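Here is the structure we will look at.
Just so you know, all these numbers are worked out from the coordinates, no wet-lab data involved. These numbers come from a predicted model, not from an experiment. Here Cβ is always computed from backbone atoms with ideal geometry, including for glycine, and neighbour counts include all displayed protein chains.
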Amino acid sequence: MVKRKKSPPGGRQTALDPAGLDRSGLVLGRDTPAAAGYAMPGEWVRHEATLISWPRDPVTFRDIPAVERIFADVIAALSHGERVDCLVPDGATAQRAAQLVGARGGRHVQFFEQPTADVWIRDYGPTFVLKRRGRAVRRGYVRWRFNAWGGKYEKLLADDGLPDRLGLPGPRFAPGIVLEGGSIDVNGAGSVLTTEQCLLHPNRNPHLKRAELEAYLRAYLGVRQVLWLGEGIVGDDTDGHVDDLARFVGPRTIVTAYEDDPKDANYAALHDTWRRLVAMADPEGRPFEIVKLPMPGALFAGKRRLPASYANFVIGNDRILLPAYGPRARDDKAAKILAKCFPGRPVVKIEAKELVYGHGSFHCATQQVPAAR
């Protein structure tokens, strides 16, 4: 069933910004998620819903109708296992989107009139954290600052602060630093993956050093260790987001994009990623299982390489959504690898070529809302 509402589900917000934040970033006060008993769970933990923002920016995409069809496919597929909350700018867009989703068999979808500048809600949206006490699970969220990937797109700065416009219930944590959701990936067991290219880039938080950024990640994600990778894939305008590179698929298993062709532009960076991953261990000193995920065939916009990667998949409650770029044999190989990582969750391949012209894919365009009770 597809429903339309005027505004997102609201609730009383409790501000828990750090009191007396130390400029060094190393003393973060008591009112952080970790200090309050919260932590970001792995993406495979059951979702209450998934957040998504309907596409409408012709500057981002060359073919809006084609991208709308992709979004409708993604929403309909996810809605079989969880609710999908889709943000739209107005009622007319909600009606058109509802028709497209409904024609694809969408089941549990709600549309909220909440304008956004672009679709990449993973990066400017809330990061949800959970606190477990006995059988009760409470949910809060982290509101990072968003500066359009280092100030690259002035128009998209309007998406900064979206989490505060959604009226989300539960405690709110605001560290006051720039960070995008696609730059981090957690296993829910004390570890977070990120990249030096992105988090240490001077266009994000130039006043913070590596150790200070690690302190923020530990305090606001509830992790014990930060696992640093190097550079991201060619064509990624986010300065190396990890969700195009390597992803946790379990507490001790990581899939990583891999390129066999030494002549490919991604070969060196992806081999460096592999070397770093196989040398890593969890907080207890146990090595991770590292699974190679092939890269799709190279896609270009003119002479510019696009950041197509199978690592940008989405983990739903009852299925995995894999962006398909071609050739078909590579799409099928990637699907089989992910199916082994997620027994019982079929892998659904959805054509994503038009989407990656906007420099992102399924994971970038979604944000899971873990279930609370």
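Of note:
- Across the chain, the mean sequence separation of Cα contacts (distance under 8 Å, 6 or more residues apart), normalised by length, yields a relative contact order of 22 percent.
- Extended-chain gain in nm, criterion 0.36 nm per residue less alpha-carbon gap, residue 300 and residue 371: 21.7 nm
- Sites residue 164 and residue 336, calculated FRET efficiency, Cβ-Cβ separation with R0 56 Å, nearest 0.05: 0.85
- Judged by the mean number of other Cβ atoms found within 10 Å, the most tightly packed of the peptides 303-310, 120-127, 50-57 leads the ranking 120-127, 50-57, 303-310.
- Once the chain from residue 108 to residue 234 is taken as fully extended at 0.36 nm per residue, the excess over their C-alpha distance is 41.7 nm.
- For the stretch 178-193, the Karplus equation 6.51 cos²θ - 1.76 cosθ + 1.60, evaluated at θ = phi - 60°, returns couplings of 7, 6, 9, x, x, 8, 10, 8, 10, 9, x, 10, x, 10, 10, 9 Hz by residue, with Gly and Pro reported as x.
- Förster-model FRET efficiency, 45 Å R0, residue 203 and residue 135, C-beta, rounded to 0.05: 0.55
- Considering only the chain, percent of DSSP beta bridges that pair antiparallel, nearest 5: 40
- Here the peptides 158-167, 195-204 are ranked by packing, the mean other Cβ count within 10 Å, and the order with the highest first is 195-204, 158-167.
- Across 152/292; 152/340; 292/349, pairs whose alpha-carbon gap is larger than 28 Å: 152/292; 152/340
- With the cut-off at under 20 Å, measuring from each backbone N in the stretch 30-74 to a point 7 Å along the Cα-to-Cβ line of residue 80 picks out 44-52, 69-74.
- Answer label for Cα extents along the principal axes in Å (calculated), chosen among (i) 77, 48, 41; (ii) 52, 50, 42; (iii) 61, 44, 41: (ii)
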